[in-house]
Amino acid sequence: MDDLKQIIAQNIIELRKTMQLTQAELAEKLNYTDKAVSKWERGESIPDIVVLKQIADLFGVSVDYLLQAEHTKEEYKAHREDKYKKRNRFIITLLATMLVWLIATIVFVCFGIFNNYLWTIFVYALPITMIVLLVFNSIWGKPRWNYLFVSLLMWSTLVSVYLTFMSPNVWLIFIIGIPGQIIIILWSGIKLEKRRSKDT
């Protein structure tokens with residue numbers, strides 16, 4: 001057990017120094033005191049499993065990495081690159097969605113003076129944003145989120161049509177959303193069988 005304490009202690013020290021953090025800064029990020037971090041680094045105590053996971057996520061490594069006495073620089077580099085990849089994907093998704101709103105703003109500013117109804121551009125930017133999020137989530141995200149984005153796409157499209165026409169009976173368009181939402185909920189309940197590998 002003492003060996004494990006020292007291994008974890010050494011790994012925390014190395015990772016903290018690699019990120020150029022003081023004990024106090026690391027403690028603040030984990031919502032712990034610097035005394036607790038100091039005890040971990042001296043091998044006097046071990047962080048519980050939840051905190052170990054927090055530490056691993058913070059440094060972009062696995063919990064296994066923290067428990068191993070020896071690991072290569074390539075292993076650490078691979079974990080760091082994976083963390084940066086996830087961060088970059090999130091930023092790219094945000095950039096794509098903000099591009100939709102930038103284009104909507106440019107069109108609004110350029111033509112807004114001449115058309116009183118041009119504010120609807122921002123209304124239609126909502127379903128377009130949902131399409132962008134749906135595309136990026138399908139590529140990089142969690143498939144379960146797609147049902148949420150499809151729901152938001154449907155309702156934002158109905159709102160866009162309603163606000164565009166706003167005649168007395170246009171509110172009836174929202175009735176379409178009821179069976180549509182039921183279909184999405186039922187669709188989300190379908191369990192797909194995972195393909196088994198040929199080896200099994």
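No value in this document is a laboratory result; all are computed from the given coordinates. This is a predicted model, so every value here is computed, not measured. A quick note on method: Cβ atoms are made from the backbone with ideal geometry, for glycine too, and the neighbour counts reach across all protein chains shown.
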Please compute the length gained on full extension between Glu28 and Thr164, using 0.36 nm multiplied by the number of residues separating them and subtracting their Cα-Cα distance. 44.0 nm
Cα-based shape type of region 99-188, given that a ≥ b ≥ c are square roots of the gyration tensor eigenvalues and the cut on a/c is 1.5: oblate
Which of the residue pairs Lys86/Lys142; Lys5/Lys53; Lys29/Lys142; Lys5/Lys35 have a Cα-Cα distance greater than 21 Å in the structure shown? Lys29/Lys142
Rank these for me by crowding, Leu133, Leu126, going from fewest to most other beta carbons within 10 Å. Leu126, Leu133
